[in-house]
Amino acid sequence: MTTFLGMPTPAPRGVGNLRGDEPFPAAARKALGNAQLRRNLGHATTTIRAKSGSVIGELPDWQELRTAGSALKADTMARLPELLLQLEEKVTAAGGVVHWAADANEANRIVTELVRATGQDRVIKVKSMATQEIGLNEALEAAGIEPVETDLAELIVQLGHDRPSHILVPAIHRNRAEIREIFLREMPGVDPALTDEPVILAGAARRYLRETFLRTKVAVSGANFAVAETGTLAVLESEGNGRMCLTLPETLITVMGIEKLVPTWQDLEVFLQLLPRASTGERMNPYTSMWTGVTPGDGPQNFHLVLLDNGRTAVLADEVGRQALHCIRCSACLNVCPVYERTGGHAYGSVYPGPIGAVLSPQLTGVEDNASLPYASSLCGACFDACPVKIDIPSILVHLRNEVPHPRTERAVMASAAYTMDHPKLYAAAQHAAKLSKLAGRRLPPPLNGWTAGRDLPEPPPETFRDWWAKR
Ligand code: SF4
């Protein structure tokens, strides 16, 4: 039997969380007006950066590990069809069932039907970007099934009827007073005398979640990695909630993007060193759960793996942009990005924020649906330096900027600049005019004033190279 995933198509509209309601500049302007958000973000990203930098500095072979991670991902993408078939064969042989989902609608339908077949009306969830991407919670709720997030930050986001704003710390935009308010308002059975001490808040969440773990028979997870040669799935988390979800229920349904593969068990060695140091700044991940199909009498007795495309084969078809599929969702690029640090994640409109979101979301949806995101960057290159699998995000940003027509004014300015530079006399006259423009101030007149709305016009040098050369 052969598997045909279909022609590469973008993620469908009207479902999931890959498209925002407004372009990035408009959303960013609103976010910049929120001083509390900027304080929370500044504090959190500075702390994570320092922690991560210190443990990365302990490894003399960090650069070699990054190179190995990059090479392994490039190899995986080059052999993706055969590796996916190998994974399907191994998972099936170990007692699991593999489902292929071309897009978000299909994945939501598959998971909803699987939960319905169990007769249950509630699922517990391990934090999963893929299920957020496809809007699974909304689809389950529409079918009368209650999804309960069990990662503390995801729980805060869910109870607050909010959206995640960071890959790793989804409630990074909330402070503890706000979290206390949310718990008091939304958490069943919470102590009315709850304070905003972190340990008290964590205790309240623990009590609520333990009770939910013990009375729920179906779990939905994502996966950080899948090993093609053995059919093993891996989830990395740091609270132990994932371990409970992956072991206690009778049925486990895992939704995984098709790019999460690694060819061999040994390849995990590289990524299990890269991911915790780059993401949470830990030497080793606190809870790494791995499972292969079904083990009789131990853990979930029904295991389903939903392999999700939702635009990924379209990304793979782009020779420059396909690097974005190497991402291991560590969030290091977010924590070093000067744009993300000021706007936060909501401004990106997609479940994938920050530099990786600026290149992944437009590719998954088709660039025209997220045309402003490739411009949500200063192209400073900090994301490239921080990325543990060496994704050249700045190059992809520039590549994507050229995928849709530039604004008419910009095209006209560039065409006249090219013509001027091609004609020496005209160019000398333009330089002379630039000197005179000093008198006009640091802003451009309409219709070019958009360029200087958020930056000053560079001051022309007192002497041009031509003047200097002519004197000699
Ligand atoms: S692009 Fe690189 S740095 Fe950013 S989340 Fe992905 S792996 Fe981490």
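Some notes on this structure:
- DSSP beta bridges in the range 236-340 [antiparallel fraction, %, rounded to 5]: 30 percent
- Carbon and sulfur %, accessible surface of the chain computed with the full protein complex present, 1.4 Å: 56 percent
- Solvent-accessible surface of the range 346-472, taken per residue with a 1.4 Å probe and all protein chains present: 58 Å².
- Between the range 371-432 and the range 57-123, the Cα center-to-center distance that results, in Å: 36 Å
- The range 270-312 and the range 213-264 have Cα centres spaced 5 Å apart.
- At 1.306 mPa s and 10 °C, Stokes D of the range 377-466 from Kirkwood alpha-carbon radius, µm² per second: 99 µm²/s
- For Thr212, Thr292, Thr9, the ranking by accessible surface with the largest value first comes to Thr9, Thr292, Thr212, using a 1.4 Å probe.
- Top positive-direction residue, dipole computed over the chain with Cβ charges, set Pro388, Trp265, Thr76: Pro388
- Normalised by the number of residues in the chain, the mean separation of alpha-carbon contacts (under 8 Å, six or more apart) gives a relative contact order of 22 percent.
- FRET efficiency for Glu403 and Ala93, using Cβ-Cβ distance with R0 set to 41 Å, rounded to 0.05: 0.45
- The average projected area of the range 177-232, computed from the convex hull of its Cα atoms over all directions, is 5.8 nm².
- Cα-based Rg / Dmax (Å) for the chain: 24.9, 89
- Cα-based convex hull, the range 316-403, per residue volume (Å³, whole number): 81 Å³
- Distance histogram in 5 Å bins (all Cα pairs of the range 38-179, percent per bin): 2, 8, 12, 13, 15, 15, 14, 13, 8, 2, 0
- At an R0 of 22 angstrom, the distance between the Cβ atoms of Ala470 and Ala417 translates into a FRET efficiency of 0.45.
- Where Rh is the Kirkwood radius over Cα pairs, Rg/Rh for the range 146-214: 0.93
- In the chain, helices alone account for a calculated mean residue ellipticity at 222 nm of -14000 deg cm²/dmol, with every DSSP H run of four or more residues adding -39,500 (n - 2.57).
- Relative intensity of the range 124-276 on a log10 scale, I(q)/I(0) at q = 0.09, 0.12, 0.16 Å⁻¹, equals -0.31, -0.55, -0.94, per a Debye sum over C-alpha point scatterers of equal strength in the absence of solvent.
- The order of Lys30, Lys51 by accessible area, most exposed first and with a 1.4 Å probe, is Lys30, Lys51.
- Computed magnitude of the charge dipole of the chain (debye, nearest 20; Cβ of K, R +1, Cβ of D, E -1): 1740 debye
- Relative contact order (%) - criterion: Cα under 8 Å, at least six apart; region: the range 191-322: 27 percent
- Exposed loop sites are taken as chymotrypsin sites (Phe, Trp or Tyr not before Pro) in a DSSP loop (any state but H, G, I, E or B) with at most 14 other beta carbon atoms within 10 Å; the longest stretch of the chain without one runs 5-450.
- Convex hull volume of the range 246-405 per residue (C-alpha atoms, cubic angstrom): 134 Å³
- The range 26-108 shape via C-alpha gyration tensor axes, a/c threshold 1.5: oblate
- Accessible surface ranking that places the most exposed of Lys471, Lys390 first, with a 1.4 angstrom probe: Lys471, Lys390
- Looking at the chain, the DSSP beta bridges with both ends there are about 30 percent antiparallel.
- Relative to the current alpha-carbon distance between Glu141 and Leu248, full extension at 0.36 nm per residue lengthens the span by 36.3 nm.
- Kirkwood Rh in Å, taken over all unlike Cα pairs in the range 1-62: 16.6 Å
The values are calculated or read from the model by the stated rules, or taken from the named source; none is laboratory data. Values in this document were obtained by computation on a predicted structure and should not be read as measured data. As a convention, Cβ positions derive from the backbone with ideal geometry for all residues, glycine included, and neighbour counts pool all protein chains shown. Ligands, DNA and RNA are stripped out before the accessible areas are found, and what is left, the full protein with its side chains, is counted by its heavy atoms. Shrake-Rupley method; radii C 1.70, N 1.55, O 1.52, S 1.80 Å.
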